[in-house]
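This report concerns only the one structure given below.
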Amino acid sequence: MSLYSELILDHYQHPRNFGRIANSTNQRSVSNPLCGDEIIMFIKINGSKISEITFKGKGCAISMASASMMTEYLKGKNKEELKKIDKKFIIKMLGIDLGVNRIKCALLPLEALNKL
Amino acid sequence: MNFINLKKDFPIFKNIPDLVYLDSTATSLKPKAVVDKLVEYYSNYSANIFRGVYKISEKATEEFEETREVTAKFINALKSEEVIFTRNSTESLNLIAYSLGRKIVSQKDEVVTTIMEHHSNFVPWQVLCSETGADFKIVDIDNNGYLDLGMENLKFKSSNLKSKSRILNLQNIVTRRTKILALTYVSNVLGTINPIKQLIEAAKRINPNIITIVDAAQAVPHLKADVQDLGCDFLVFSSHKMLGPTGVGVLWGKEDLLKEMFPFMYGGEMINGVYIDHTIYKDPPHKFEAGTPAIGEVIAFKEAVKYLKAIGMDKVREHEKNLTSLCFNKLNNNFSGKIKIFGPSDVNDRGGVVAFKFGNYHPHDIASIFDESNIASRAGNHCAMPLHTKLGVNATIRVSFYIYNDGSDIEKLVDGLKRVEKVLS
């Protein structure tokens with residue numbers, strides 16, 4: 001099965017929640033110097049709710065789609081949901097069979113999320 | 001020699017008939033002769049070497065030492081004792097940095113390397129300099145991927161190799177304080193073939209005591225390398241990049257230097273006598289071969305050397321030059337304006353390594369889409385981050401050729417790139 005499923009390509013070509021939040025509660029950046037990918041995640045918490053979550057950065061289709069899908073899932077959810085996002089969640093969310101080397105691309109947004 | 005037929009010598013093509021292997025710069029495929037020799041050792045005489053006074057140990061020892069002789073002849077070393085087996089080129093370079101670097105380099109000295117090095121010929125010298133306080137100097141490249149010695153029109157094109165005057169400007173970089181000049185023969189990203197012989201001659205004119213170290217990991221597999229002709233003090237390469245097994249590297253060094261260096265590791269097989277207060281080491285090469293080596297792999301390595309010798313290194317070089325030329329033509333014709341190939345545009349000055357940028361597509365996506373058509377390529381900085389920083393890119397996609405590649409592989413590469421465009425845009 002191709003890594004480049006319709007879902008992945010859709011999120012890569014039309015990333016959701018792409019951009020910065022002017023008055024974010026928190027923001028964190030991560031990078032992978034080996035391939036030059038970098039992602040900055042922005043989050044705005046209202047009470048216990050994730051009112052906004054966005055990302056900026058550059059990277060491969062997998063890392064960009066992963067960030068787009070992750071933010072789409074989290075937006076509007078309770079902030080407790082942040083702790084539930086893990087490697088297993090990401091793999092299931094993407095729905096593709098990532099090899100040992102490409103999994104790092106998919107997990108880069110998670111790394112940023114964990115720092116928030 | 002009909003190169004098209006060489007695929008038949010490589011068992012992997014029987015098992016994966018549609019494999020388009022374009023990653024020989026990372027490691028090469030193995031011919032049946034090498035695989036058979038490995039199996040022969042493990043099946044027929046899998047004993048430890050040197051001290052066994054029984055038949056299969058003696059057979060293994062003879063086979064092991066024969067590889068040393070075959071290897072020495074292949075690079076035209078004066079003596080087989082100058083050939084040391086390590087794990088890989090990386091270990092060979094680290095060995096020199098540790099065993100010689102720490103002996104001869106101090107605060108007032110300089111170590112010179114280049115921006116196009118693999119990390120393994122960059123970081124050991126960077127660390128040595130930071131530990132000793134010596135100056136770490138780096139030769140830059142020009143916009144065409146040639147070493148740039150800071151003088152206009154000073155390009156080390158192989159077509160100009162005979163004109164020694166062009167290299168005179170090396171004195172802008174190498175001085176009488178330079179203890180070590182460590183540089184690559186062929187770049188693993190740009191493909192640039194550096195004029196090693198002329199550079200060494202020029203460096204030794206400036207400072208006769210300079211130690212010259214050549215990383216030939218991308219050269220010995222692909223062209224005729226003659227250590228006496230090059231005039232270097234050390235030259236390193238890896239078995240696995242030249243059709244041989246993994247786990248075997250070669251360090252060639254001049255005997256008098258090897259004798260004065262510190263040992264690298266201490267232990268079995270490198271010792272003549274151990275006393276409570278001191279130890280006496282063996283002479284090179286055994287001084288640097290502590291512990292049980294990769295016996296079967298060293299033994300099988302000679303089959304790789306013999307295979308290359310039977311083809312002839314001039315023919316290997318010619319074949320790769322033709323493939324690179326074909327690759328340039330096909331890429332430029334099919335993807336004009338969308339592709340940027342790094343390194344010299346003249347195939348006479350470069351090996352069969354082609355790193356490029358393709359549109360705005362991410363190298364990892366390109367490599368993954370290639371893989372869906374069984375094209376093996378490589379994406380990233382290829383262990384040459386300073387070079388990629390210099391080139392202003394984070395990562396490149398790289399394809400590389402060897403004797404088993406042919407025109408059909410280039411066609412598939414073109415199809416692969418067309419598929420990248422189709423999938424991602």
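Derivation of every value follows stated rules applied to the coordinates shown; laboratory data play no part. From a predicted model like this one, the values you see are computed outputs, not experimental measurements. Because the Cβ atoms are built from the backbone with ideal geometry, glycine has one as well, and the counts that use them run over all protein chains shown.
Annotations
- Dipole of the stretch A:6-115, positive direction: furthest Cα of A:ASN32, A:PHE42, A:ILE103, with charges on the beta-carbon: A:PHE42
- Those residues of the stretch B:308-339 whose amide nitrogen sits under 18 Å from the label point placed on B:LYS197, 7 Å along Cα→Cβ: B:313-318
- The protein assembly as shown - share of DSSP beta bridges that are antiparallel (%, nearest 5): 70 percent
- Over chain B, relative contact order from alpha-carbon pairs under 8 Å, at least 6 apart, %: 22 percent
- Within a Gaussian network of chain B (alpha carbon springs, distance under 10 Å), most fluctuating of B:SER336, B:SER120, B:SER28: B:SER336
- Note on B:ASN143/B:GLU421: beta-carbon distance plugged into 1/(1 + (r/R0)^6) with R0 of 25 Å gives a FRET efficiency of 0.35.
- Across the stretch A:87-92, computed HN-Hα scalar couplings (Karplus, 6.51 cos²θ - 1.76 cosθ + 1.60, θ = phi - 60°) run 4, 4, 4, 4, 4, 5 Hz from first to last residue, x flagging Gly and Pro.
- DSSP bridge pairs, the stretch B:43-308: antiparallel proportion in percent, nearest 5: 50 percent
- Using a cutoff of 8 angstrom between alpha carbon atoms and counting only pairs six or more residues apart, the relative contact order for the stretch B:63-139 works out to 27 percent.
- Using the Cβ-Cβ distance between A:SER5 and A:SER29 with R0 set to 41 Å, the FRET efficiency from 1/(1 + (r/R0)^6) comes to roughly 0.90.
- Helix content alone sets the calculated 222 nm mean residue ellipticity of chain B: runs of n ≥ 4 DSSP H residues at -39500 (n - 2.57) each, divided across all residues, give -11000 deg cm²/dmol.
- Placing +1 on the Cβ of every Lys and Arg and -1 on the Cβ of every Asp and Glu, with no other charges, gives the stretch B:216-317 a dipole of roughly 520 debye about its Cα centre.
- Gyration tensor verdict on the stretch A:6-115 (Cα atoms; rounded if a/c is under 1.5, prolate if a/b is larger than b/c, oblate otherwise): prolate
- Taking label positions 7 Å along the Cα-Cβ direction at both B:ASN374 and B:GLU58, the computed distance is 4.8 nm, reported to one decimal.
- 0 to 90° range, to nearest 10: angle between helix A:61-74 axis and chain A longest Cα axis: 30 degrees
- DSSP H segments from chain B that extend 24 Å or more along their own axis, Cα-based, with Kyte-Doolittle mean of 0.0 or above: B:295-311
- Close amide-amide hydrogen proximity is noted between B:THR178 and B:GLU110, each under 5 Å apart and 5 or more residues distant or on a separate chain (H modeled in the peptide plane; Pro and chain starts excluded).
- Where the Cα pairs of chain B fall when distances are cut into 20 Å bins, in %: 26, 56, 18, 0
- Using a cutoff of 8 angstrom between alpha carbon atoms and counting only pairs six or more residues apart, the relative contact order for the stretch A:6-115 works out to 29 percent.
- Amide hydrogen neighbours beyond the local backbone of A:LYS58, cut-off 5 Å, H modeled: A:GLU38
- Residue of B:GLY267, B:GLY101, B:GLY253 that the Gaussian network model of chain B assigns the largest fluctuation, springs spanning Cα pairs under 10 Å: B:GLY267
- Taking B:MET313, B:MET242 and counting other C-beta atoms within 10 Å, the order from fewest to most: B:MET313, B:MET242
- Between the exposed loop cleavage positions of chain B, defined as GluC sites (Glu not before Pro) in a non-H, G, I, E, B DSSP state with at most 16 neighbouring beta-carbon atoms within 10 angstrom, the longest gap is B:270-425.
- Here is the list for the stretch B:1-55: trypsin sites (Lys or Arg not before Pro) lying in DSSP coil, each with at most 16 other C-beta atoms within 10 angstrom of its C-beta, are B:ARG51.
- Around the Cα centre of the protein assembly as shown, unit charges on the Cβ atoms of Lys, Arg, Asp and Glu (plus for the first two, minus for the last two) sum to a dipole of about 1320 debye.
- Estimated vicinal HN-Hα couplings, Hz - the stretch B:283-290 in sequence order (Karplus 6.51, -1.76, 1.60; Gly, Pro = x): 6, x, x, 5, 3, 9, 10, 5
- Two numbers describe the Cα atoms of the protein assembly as shown: Rg and Dmax, which are 26.0, 80 Å.
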